Structures are given as C-alpha cells and as structure tokens.
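The values are calculated or read from the model by the stated rules, or taken from the named source; none is laboratory data. These numbers come from a predicted model, not from an experiment. Glycine gets a Cβ as well: all are built from the backbone with ideal geometry, and neighbour counts include every protein chain shown. Surface areas here come from the heavy atoms of the whole protein model, side chains and all, with no ligands, DNA or RNA. Shrake-Rupley method; radii C 1.70, N 1.55, O 1.52, S 1.80 Å.
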Amino acid sequence: MITLKEALAMSKDELNKFKDELQTKIEANKDLNAYIDVNTFGEGVPVAIKDNIQVKEWSVTSASKILQGYIAPYNATVIEKLLAAGLSPFGRTNMDEFAMGSTTETSCYGKTLNPVNPEHVPGGSSGGSAAAVGAGLAIAALGSDTGGSIRQPAAYCGIVGMKPTYGRVSRYGLGAYASSLDQIGPMTQNVEDAAILYDIISGSDVKDSTNAMRDDKVSDNLNPERKLTIAILPKYIENASDDVKEAYSKAVEALKAQGHTIVEKEMMDAKYDISAYYVTATAEATTNLGRYDGIRYGNRVEGANLEETYYKTRSEGFGDEVKRRILLGNFVLSSGYYEAYYVKAQKTRHLIKEEYAKIFNDVDLILSPVAPNVAPKFGNLQIRWRCILSDIYTISVNLAGLPALSLPIMKNAAGMPVGLQLIANAYEEQTLFDGAMSLEKEIAYK
Ligand code: GLN
C-alpha cells in the first residue's frame, strides 16, 4: 500500500486509477467488515472515516440502530480540513456502537475481523479504521479516542494510531461519547504519515468551545535524531503479559540504541484510573445520548404518546452495552450518589493529572504498554470485567488530556502484533512524533 506522503504527491490520473484498484480490493475483502460502506465521489486522496464523524450528505450512524437513516447536514471540521488539504473522505468504517467498547463487537453492522488473524478481535472502538489500514484497504484513516479507541486497535492490528492533546483537534461534527475525553486522531501505516494527517486535521476552530486555538504544526520539523529523556515504568507493567513485557524490553533497548536517556519512574496504581474513567465517561455519555429521542434524529418507533415514543425508540434503538452505560451514568449523577461517585472521580482525575505532571517535570516522554495483551480471540473479552480491565493502560492519558502515539514493536510467537505507546506532555506533539520516529526507525517492524 502506498503511504499518505506518496499519495499526496500523485497526479489526479494516478489517484483515480489507484481508487479503482482500492475499491476492487475492498470488495474482495468484504468478509473483514472493516467498511460499513464506501463512497467514492471525492476528488482527493482517499481517507477512511470512522462512522461517528459527519460527512455532509453521507449517512452517519455511530454503528447504532437508533441513527439508521440519519444523513449528516454538515461536515465535521476535520472533514473540512481534509478537503482543504486535497484529501477526501472515502468510506465509513465500522466501530463499537457510540464508541463504547474495545473489540468492535457491539456494532449494529456486526463485528469487524482482525486482518492479521480473523479469529482475533481488531480492537475497538475504532476497529474498522484499524482493520482497513492494517489490511491495506486504506492509505490512512480517522478514528476517535475517548479511552484508547485509536491506540488500542492500532496496536492490535499492527499500525500507528495517535491521540492528540485534548483540544488540539476540533470535535465539531464528532458524535459525542464523553466530551471531556474525546479526541479525533490519525490511524496510519507509519509515524510520518500520522504526523502529516495530524497537521491536516488539527488547529483552531471557533465551532468547538474546548478547542485550544493553536495552529503549530509538526511534520515539516520531524527530527528523529533529537536526544530525549524517556521514562519507563517497571512497576506499572508488572501485570502485562509476557509478550508485552518482551516488547517493552525491546523498545527500551531500541531507545537506548538511538541515544535517548532512560529513567525509571513510578505511577500510581492504574486500578483507580479505571474507576475514574468509567464514572466520568458514563456520566457524560448519559447526557450526550439524551438527544437521541426519535424526534430529532434517525430512527423513530411510534408509541401511543410522546413518552411512549421516547421509550420505544430508545429501547429498540440502543444496544445492550449502550444501555448499560446510560444506566450507570444516570446512577453516578443521581442525587445522593453524585458526591460519592462523580465528584470522587473528578478528584481522582485531578490526582492522575498531577501524577503525570510530576513525571514530566524531568522527562520528555513516557513509554507504556497500550493493552495488557495482544488482540484476544473473539468471545474472550465477553467477560465484562476483563474487557474493562483491558483499557487499563490507555485511559489515564485521556483523563489527563495528553497526547500519545501507539506503534507496532514486534509480533508474538503466534504472529499477533504487539504495540506500545509513547506519551508526551500536553501540546508536546513535536516531541512525541520525534521520539516515535526514532523508535520506529530502530525497531524496523516491517
Ligand atoms: N474501551 C473504552 C470504552 O469502552 C474506550 C472507548 C473509546 O476510546 N471510545 O469506553
């Protein structure tokens, strides 16, 4: 598959020919279920789009029954930016319903398969985007990351996935899951492409009140020769699988070989991250999903009166996982429990932020696992607690609003990819990409 950098240098004729071939290839790999559908009318370099990002006049459904038939009335800001840079949306990719999940099994369109081995999950919630890039069915894709949904499927499918600093990329036109955590980001074949796509989609936007209003770019200044101080977390990785530990040691050696300074640091027990995240995310999700009432958007199931219409629409439109989270979110926000759960989660979030701030006082980057294991086989994460725990290494990054990039390090004995992430301080995307590029170079995964 050609890279994004190469595609951007292609002539119109070359691009059109390439798009025809791409469509044939997508058709031949329909079983993967990476794409929900493919729309080829754009003129520019084709990019796959997660089904929670609005493209004007396209269907956009967050892989939910409740949004069947809904057509986006406007472009998300990231889509406007793609178009302005000569790229064009090309196909909607599969995902967990409303981005809730870690396996892409909760989609109303059925599950997506891992292109490396179809018996394994592709990860989630941006599993369709990861599978598309991993299988050579997309040059690059956009995903969204609320608690790891870009980085974890990227790691499971052997590609690069990057979550920007909160506020770097406009959320205007992104189907909200948990607004204080959500960020759109690039999913690509290599680090340089991720930097290029990040530059294209990031920047100030008055339509998103949480936007950082900063326009600094990274891809023209990439410098893998820069020597950095990188923290490793020996205690933090104790519960990871042997595969992940092996990848971790490999990455540490590679970083040393590249001349970086490695220092040991400690992080507070990640089990608190999980609680703080699931309280915060479900509380925000409950509020955000309140708008899907059958009156304004998508599917309606008529009842005898307005209340019954709401009730029937939501009962039939939302899947089980989404309903569970709406229940949990309402519970933690209800009077009497608000202080005990929601307020406590916000305090924990603050502690996590401070914890990172302390580490970043004297390091440039942190090396961390993305998930405790390689992509599990289907059915393995249906034990809910195990599924929730698989997020343990990604969610603190969202709670702290930091940028992080996941890249493939090695394959295990069964041939499944193992990815790791680098985490940077807020707005230090340049440092993140520089460090990731030097690690990528030394590791030479492909
Ligand atoms: N797996 C996490 C969740 O289900 C993260 C999802 C995401 O980042 N969108 O909430």
### Query
Which of (1) more than 15 Å from the ligand (Cβ to nearest atom); (2) of a type in the set (A, V, I, L, M, F, W, C); (3) under 28 Å from Asp96 (Cβ atoms); (4) in a loop (DSSP other than H, G, I, E, B) does Ile366 not meet, given it meets every other one?
(4)
### Query
Of these, Thr112, Thr106, which one is out of contact with any His (no Cβ under 7 Å at 6 or more places or on another chain), touching a residue at least 24 places away in the same chain (Cβ under 8 Å), open to solvent by 10 Å² or more (accessible area, probe 1.4 Å) and among the β-branched types (Val, Ile, Thr)?
Thr106
### Message
Being open to solvent by 20 Å² or more (accessible area, probe 1.4 Å) and of a type in the set (S, T, N, Q) is the filter here; which residues of the stretch 368-411 pass it?
### Response
Asn373, Asn380, Gln382
### Query
Among the residues of the stretch 431-440, is any hydroxyl-bearing (Ser, Thr, Tyr), within 15 Å of the ligand (Cβ to nearest atom) and touching a helix residue (DSSP H, G or I) at 6+ places or on another chain (Cβ under 8 Å)?
no
### Task
Would you confirm whether any residue within the stretch 307-321 is of a type outside the set (Phe, Trp, Tyr), within 15 Å of Thr286 (Cβ to Cβ) and within 16 Å of the ligand (Cβ to nearest atom)?
yes
#### Entry: Of the criteria (1) in a helix (DSSP H, G or I); (2) modelled with pLDDT of 95 or more; (3) open to solvent by less than 30 Å² (accessible area, probe 1.4 Å), which one Pro186 fails
(1)
### Qualifying residue in the stretch 395-413 (condition: β-branched (Val, Ile, Thr) and either within 16 Å of the ligand (Cβ to nearest atom) or touching a Ser or Thr at 6+ places or on another chain (Cβ under 9 Å) (or both))
yes
### Subset tally (residues that are open to solvent by less than 30 Å² (accessible area, probe 1.4 Å) and without any contact (Cβ under 8 Å) to a residue 40 or more places away in the chain) for the stretch 1-46
2
### Task
Select, from Glu97, Glu119, the only residue that is more than 16 Å from the ligand (Cβ to nearest atom), touching a Phe, Trp or Tyr at 6+ places or on another chain (Cβ under 9 Å) and modelled with pLDDT of 95 or more.
Glu119
### Query
Within the stretch 263-284, how many residues are away from the ligand (no atom under 12 Å from the Cβ) and not aliphatic (A, V, I, L, M)?
7
### Query
Is it the case that Leu181 is closer than 15 Å to Ser126 by Cβ, open to solvent by 10 Å² or more (accessible area, probe 1.4 Å), within 16 Å of the ligand (Cβ to nearest atom) and not small (Gly, Ala, Ser)?
no
#### Entry: Single residue of the stretch 122-136 satisfying the filter (more than 16 Å from Thr106 (Cβ to Cβ) and out of contact with any strand residue (DSSP E or B) (no Cβ under 7 Å at 6 or more places or on another chain)) that is farthest from the ligand (Cβ to nearest atom)
Gly136
### Query
Counting only residues that are of a type in the set (A, V, I, L, M) and more than 16 Å from Gly185 (Cα to Cα), which one in the stretch 202-217 is least open to solvent (accessible area, probe 1.4 Å)?
Met213
